[in-house]
Every structure is written in structure tokens, then in C-alpha cells.
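Let me begin by presenting the structure, written as C-alpha cells, before commenting on it.
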């Protein structure tokens, strides 16, 4: 979702086609703060984000250090699905 503001301004049928109401588990992936994502992933969803500040290193090092990896995204989704 490139812009929450623009997405929110779309009609409900479009938003429902992108985020179907029947899908209870969603995972957001944000190379920044998770702030605001819970609105879109819902109560049963999860966020993989970089909510840590103050570290200084190349991006790939920080991503690995803070769990912003494919393995962590998959693990988060599986955990939410109970598998």
C-alpha cells in the first residue's frame, strides 16, 4: 500500500477488493515504523517493521539484526495462522 491517505479515500468496494473483509490474518512489511499499520492488518494481523531507532550500520546489517528478513516474515505469518 503506497499511501494510506490515498487508499482511505478510495471507495469501499475498491478497498475491499484489495483487503477483502473475509481475510482475518494479514501481515504488513514496512522498512520503517509499524505505527499506523494495525488499522490495516486488523486485530489478528501482525507487522514486521523496524521499530528500533539509534542503530547505525548498512541497511542489510540492520535488517538482519532487527528481524527484517524473509524468514521472519514467513515465521510471523505462520505464527499468526497457527501453523
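Table: residues versus (1) part of a helix (DSSP H, G or I); (2) in contact with a strand residue (DSSP E or B) (Cβ under 7 Å, 6 or more places away or on another chain).
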| residue | (1), (2) |
| --- | --- |
| 28 | no, yes |
| 40 | yes, yes |
| 63 | yes, no |
| 83 | no, no |
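If you check 66, 53, 7, which single one turns out to be modelled with pLDDT under 90 and either within 10 Å of the chain's Cα centre (by Cα) or surrounded by 11 or more Cβ atoms within 10 Å (Cβ to Cβ) (or both)? Quick ask: steps written out before the conclusion?
Details: 53 fails: either within 10 Å of the chain's Cα centre (by Cα) or surrounded by 11 or more Cβ atoms within 10 Å (Cβ to Cβ) (or both); 7 fails: modelled with pLDDT under 90.
Selected residue: 66, the only one of 66, 53, 7 that is modelled with pLDDT under 90 and either within 10 Å of the chain's Cα centre (by Cα) or surrounded by 11 or more Cβ atoms within 10 Å (Cβ to Cβ) (or both).
If the requirement is being more than 17 Å from residue 7 (Cα to Cα), touching a strand residue (DSSP E or B) at 6+ places or on another chain (Cβ under 9 Å) and either in contact (Cβ under 8 Å) with a residue 40 or more places away in the chain or in a loop (DSSP other than H, G, I, E, B) (or both), which of these qualifies: 53, 68, 35?
Being more than 17 Å from residue 7 (Cα to Cα), touching a strand residue (DSSP E or B) at 6+ places or on another chain (Cβ under 9 Å) and either in contact (Cβ under 8 Å) with a residue 40 or more places away in the chain or in a loop (DSSP other than H, G, I, E, B) (or both) holds for just one of 53, 68, 35, which is 68.
The values are calculated or read from the model by the stated rules, or taken from the named source; none is laboratory data. Computed from a predicted model, the values in this text were never measured in an experiment. No Cβ is skipped: glycine too gets one built from the backbone with ideal geometry, and neighbour counts run over all protein chains shown.
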